[in-house]
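Here the structure comes first, spelled out in structure tokens, and everything after it is commentary.
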Amino acid sequence: MDYEKLLATRTANMKASAIRELLKVAASPGMISLGGGLPSPDSFPLELMHELTERVLRKYGAAAMQYDMTEGFGPLRRALIDYCATKGVDAKLENIYISSGSQGFLDAIGKVLVSPGDIVAVEGPTYLAALQALNAYDARYAMIQTDDEGLIPESLEYVLRTNEVKFVYTIPTFQNPSGKTIGLKRRIAIADIIQRYNVLLIEDDPYSSLRYRGEHLPTIKSMAPEHVIYVSTLSKIFAPGLRIGFCVAPEAIGKWLTIVKQGVDLHSSTYAQALGAEYLLGGFVPPQVEKIIKIYQPKLDAMLLALEQNLPDGYKWSRPEGGMFLWVEGPKGLDMEDVYHIAVKKNVAFVPGKYFFPNPADGIETMRLNFTCVTEEQIHYAIKALAEALQEETLLVNHA
């Protein structure tokens, strides 16, 4: 049977995640992967799980294993009101919606807001899985320029002035893939711009709790509450396998998020949500975040030092104050995908940066590095090997 004839036309824009495909190589025995975006298993609160499970069964009983509301498990949604307040986000019960990870929200918002050909404004680079979710709904993209401080407000205004944009998507704090953070003055400017142009902004905020140095910054949501949907997750501060994501959205949009979620999975796991509720209510978040920071900060410092010691002139990299990633830019004309193939032979993997741009022709000289799932010793070895791969590719290019 010719199954290809059965496929919907939208599948033409649906591609397998480039990172997931690269990670298959990174999973080879002996490979040191700087490519994944996985939290370290050492960061998971395994020692709390028995207590949380007992609390859930004692407090909720069979209700934790029953079908529940599509909007989300009531105790978790109520607990998230106080959690959002710590982020400066004024949330009410009727504005909080649970998704299966923040990825579930990205798919839902594409289904609700994007008609074929609609333009979404995104940073260059941006989160690959956001592009993957929106591609399924035939989105087009207008790229907002970035620099060492992330999104450039003047570029955002130009994009909004010259395009009919459906919404703006940004990760303002410790961005994936670049690790960059938008500063306070720019956040104020962005809030002003989206209100003047009366455009919706999706603020994706999975990493802001993982701050290793510097001052916490207010959310854009807190500056323009009516024009921002705030999206976050417990994946980076609890456990990603529980798939607990959430958003704070106006009811006018939230009702549609609920309708499309009913068609996908009825609701996210009640049991996982109950665990998340007790994790928040039990006061476990601050000490757990402190534990995670103690695991990750030395690894980031080790990577920054290794880059300083090993990369030649002509390269620059971001210097994040938190999060899970940093970004390397090489000289123009260098194709990091070619470097990737050389590095893999040295048992080191990373993600070429071009996959994080709406147009893959952009960013060929860039790469994303992750430090959370490797040791400091592995980081030093991997960056040295990566520097050798860069040198070998440069020689090949110069002799071509």
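Here, each number is a calculation from the coordinates, and none is a lab measurement. Being a predicted model, the structure only gives us computed values, none of them experimental. Methodologically, a virtual Cβ is constructed for each residue, glycine included, from the backbone with ideal geometry; neighbour enumeration extends over all protein chains shown.
Restricted to region 259-302, and to residues there that are among the small types (Gly, Ala, Ser), farther than 19 Å from residue 101 by Cβ and touching a residue at least 24 places away in the same chain (Cβ under 8 Å), the residue that is surrounded by the most Cβ atoms within 10 Å (Cβ to Cβ) is 302. Which of the residues spanning region 164-184 are among the aliphatic types (A, V, I, L, M), closer than 24 Å to residue 37 by Cα and surrounded by fewer than 24 Cβ atoms within 10 Å (Cβ to Cβ)? Scanning region 164-184 gives a single hit, 182.
Remark: pairs (first residue in region 128-144, under 14 Å from residue 111 (Cβ atoms) and free of Cβ contacts under 8 Å to residues at least 60 places away in the same chain; second residue of a type in the set (Val, Ile, Thr) and crowded, with 22+ Cβ neighbours inside 10 Å; Cβ separation under 9 Å; 6+ apart in sequence or on different chains) = 133/109; 134/109; 134/120; 134/122; 139/120.
A quick yes/no check of all residues on (1) over 29 Å from residue 236 (Cβ atoms); (2) part of a helix (DSSP H, G or I):
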{"site": "339", "(1), (2)": "no, yes"}
{"site": "354", "(1), (2)": "no, yes"}
{"site": "358", "(1), (2)": "no, no"}
{"site": "363", "(1), (2)": "no, no"}
{"site": "369", "(1), (2)": "no, no"}
{"site": "373", "(1), (2)": "no, no"}
{"site": "395", "(1), (2)": "yes, yes"}
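Within region 353-363, is even one residue in contact with a Ser or Thr (Cβ under 8 Å, 6 or more places away or on another chain) and within 22 Å of residue 300 (Cβ to Cβ)? So far as region 353-363 goes, yes, one or more of its residues are in contact with a Ser or Thr (Cβ under 8 Å, 6 or more places away or on another chain) and within 22 Å of residue 300 (Cβ to Cβ).
When residues in region 205-246 are screened for being β-branched (Val, Ile, Thr) and out of contact with any Ser or Thr (no Cβ under 6 Å at 6 or more places or on another chain), 5 of them pass.
Residue 209 passes every criterion in (1) closer than 30 Å to residue 53 by Cβ; (2) part of a helix (DSSP H, G or I); (3) not β-branched (Val, Ile, Thr) apart from (2).
Of all the numbered requirements in (1) under 21 Å from residue 37 (Cβ atoms); (2) loosely packed, with under 15 Cβ neighbours inside 10 Å; (3) of a type in the set (Lys, Arg), residue 332 misses one, and that requirement is (1).
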